[in-house]
Amino acid sequence: MTGLYPRPEAPSYISPTLVIAFEACPAKAGFGRDPSVVGLRRTGPAAAVGIIAHEVLAAAGAGVAFDDVWSASAGSAFEKLAAQWAPATPPQPSQWPNWALTRERVKVKFGDSDTHGSFVNSVTDDVRASRLQHVTLLASMSPQLDSVKNAYTPLPWIERQLFDSDTRMMGIPDLVEEHDGQVVIVDHKTGTAREGAEADHELQLRLYAALVSAELGVSRVRLEIHNASGQVRLVESSPGLVDDAVAIAQRAHASLLAAERGEEQLSGKPAPKTCGGCPFRGVCRAYLEAPPGDRRAGRAFAFDVLEVDDAGARQGIWARVIAPVEQQGRVRITGFPFADEPEIGSRWGASDFELREGHARGHWTTLLHPLQ
Ligand code: SF4
């Protein structure tokens, strides 16, 4: 048996995001809440570019120069990435994916905001105010979250946090408003939808429906998904479908709580599609023991340290790969981000490296974690 099962810290209230993650792979959802391995989940350069774009647009219209905001945001993103990936050193931002293209596009939007006033900023301010108001309220009333229902604020709600102590669910719908006497929940989807995303979106919206119904005491709400081109998709919201969604959330929550107590092991769902970008591949027992067809060959393995070079482990070690089965054998490893010299015989899991002819070479994105 090689690799780990997650031992998560279960949340008091489960969110639609966690329910969807659990449905995709219970083990991945569990690792994401397991303090011993959650450090493997780090911001990548592509995500960092997205964060910079968002930050810069949020500052548009405030009378600051684009170049100054972009440089400050890029500098801070680089520092955060370097801290997360130490002892590895990430490349400079200008080498991150889509850097130049994103910068040009954001610059154009930033200029539009300067001319017409900041849409992004006004929304952000509303969101901030709404969140602050609600979070302050919760803090003063916690843990009696039921009493929040009495603190009704009129619609519309923009990104308001909702809690239901009966179902132990929470969520933050983009917008809840009233149209012609009907409560409408709007979710904005701006990115390109990945395969299978439709079912996830429906589950998310139905969980919001349960939360909003409980908060407002209405029996039925209208669910709308708005995409970037302004198209609206309706999601069915019959009471039966909403109840099914709540049951899925409660099953997921019960499993996470049982795993926290050590009464249940969260199973993985190894498949090329789910595991491809998963940062927990190097430690996940389900992945390491899956049939070869369910893995991306050569991108993750578990190994025992046999010998360490005199010049240090980052210069090179000899190791024995113990899983996956098709990679078992002696291997030379160089450039892996060991913080200290590993002990002979210690066991490790690693992912994101090159493997050729018995030689595994680390990259700055190589993830490494002890398996004992
Ligand atoms: S490696 Fe695959 S099976 Fe394991 S946690 Fe990640 S997605 Fe799930």
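The values are calculated or read from the model by the stated rules, or taken from the named source; none is laboratory data. Just so it is clear, the model here is predicted, and its values are computed rather than measured. We place every Cβ from the backbone using ideal geometry, glycine too, and count neighbours over all the protein chains shown.
Please verify whether residue 9 is within 13 Å of the ligand (Cβ to nearest atom) and within 23 Å of residue 163 (Cα to Cα), treating the condition exactly as stated. Walk me through how you get there before you give the answer.
On the way: within 13 Å of the ligand (Cβ to nearest atom): no; within 23 Å of residue 163 (Cα to Cα): yes.
Answer is no for this residue.
Residue-level analysis places residue 246 outside the set of residues that are surrounded by 18 or more Cβ atoms within 10 Å (Cβ to Cβ), farther than 26 Å from residue 25 by Cβ and touching a Leu at 6+ places or on another chain (Cβ under 9 Å).
Out of 181, 191, report the one residue that is within 30 Å of residue 274 (Cα to Cα) and either modelled with pLDDT of 95 or more or out of contact with any strand residue (DSSP E or B) (no Cβ under 9 Å at 6 or more places or on another chain) (or both).
None of the others qualify; the one that does is 191.
How about region 297-317: which of its residues are in contact (Cβ under 8 Å) with a residue 12 or more places away in the chain and loosely packed, with under 15 Cβ neighbours inside 10 Å?
Step one: of region 297-317, the residues in contact (Cβ under 8 Å) with a residue 12 or more places away in the chain are 297-308, 312-317.
Within region 297-317, 297, 298, 306, 307, 312, 315 qualify.
Applying the criterion of at least 2 residues that are over 21 Å from residue 249 (Cα atoms) and of a type in the set (Asp, Glu) to the strands (runs of 3 or more DSSP E) found wholly in region 153-225 leaves 175-179.
When 264, 260 are checked against the criterion of being among the acidic types (Asp, Glu) and either touching a helix residue (DSSP H, G or I) at 6+ places or on another chain (Cβ under 8 Å) or buried (at least 22 other Cβ atoms within 10 Å of the Cβ) (or both), a single residue qualifies: 264. Scanning region 84-100 for residues being part of a helix (DSSP H, G or I), closer than 16 Å to residue 50 by Cβ and under 23 Å from the mean Cα position of the chain (by Cα) gives a total of 3.
Do we find that residue 19 is surrounded by fewer than 17 Cβ atoms within 10 Å (Cβ to Cβ) and within 16 Å of the ligand (Cβ to nearest atom) in this structure? Criteria not met by residue 19. Total residues in region 333-352 satisfying the condition of being in a strand (DSSP E or B) and over 23 Å from residue 1 (Cα atoms): the figure is 1.
Select, from 356, 347, the only residue that is basic (Lys, Arg), under 33 Å from the mean Cα position of the chain (by Cα), modelled with pLDDT of 95 or more and surrounded by fewer than 19 Cβ atoms within 10 Å (Cβ to Cβ).
On the way: 356 fails: modelled with pLDDT of 95 or more.
Only one candidate qualifies: 347.
Of all residues in region 1-26, those that are modelled with pLDDT under 95 have Cβ atoms under 6 Å from Cβ atoms of residues that are more than 13 Å from the ligand (Cβ to nearest atom), 6 or more apart or on another chain, in 2/322. Would you check if there is a residue in region 301-308 being within 9 Å of the ligand (Cβ to nearest atom) and touching a strand residue (DSSP E or B) at 6+ places or on another chain (Cβ under 9 Å)? No, region 301-308 has no match at all.
Tell me whether region 40-59 contains one or more residues that are more than 15 Å from the ligand (Cβ to nearest atom), under 30 Å from residue 337 (Cα atoms), touching a strand residue (DSSP E or B) at 6+ places or on another chain (Cβ under 9 Å) and not in a loop (DSSP other than H, G, I, E, B).
Filtering region 40-59 down to residues more than 15 Å from the ligand (Cβ to nearest atom) leaves 43-59.
If we keep only those that are under 30 Å from residue 337 (Cα atoms) as well, we get 43-53.
Going one step further and asking which of them are touching a strand residue (DSSP E or B) at 6+ places or on another chain (Cβ under 9 Å), we end up with 44-45.
Subsequent filtering for residues that are not in a loop (DSSP other than H, G, I, E, B) retains 45.
Yes - at least one qualifying residue is present in region 40-59.
Can you find a residue that is in contact (Cβ under 8 Å) with a residue 24 or more places away in the chain, closer than 29 Å to residue 352 by Cβ and of a type outside the set (Asp, Glu) anywhere in region 217-237? Taking every residue of region 217-237 in turn, none turns out to be in contact (Cβ under 8 Å) with a residue 24 or more places away in the chain, closer than 29 Å to residue 352 by Cβ and of a type outside the set (Asp, Glu). Just need a number here: residues in region 229-284 that are under 29 Å from residue 164 (Cα atoms), touching an Asp or Glu at 6+ places or on another chain (Cβ under 8 Å), within 16 Å of the ligand (Cβ to nearest atom) and hydrophobic (A, V, I, L, M, F, W, C). Total meeting the criteria: 1.
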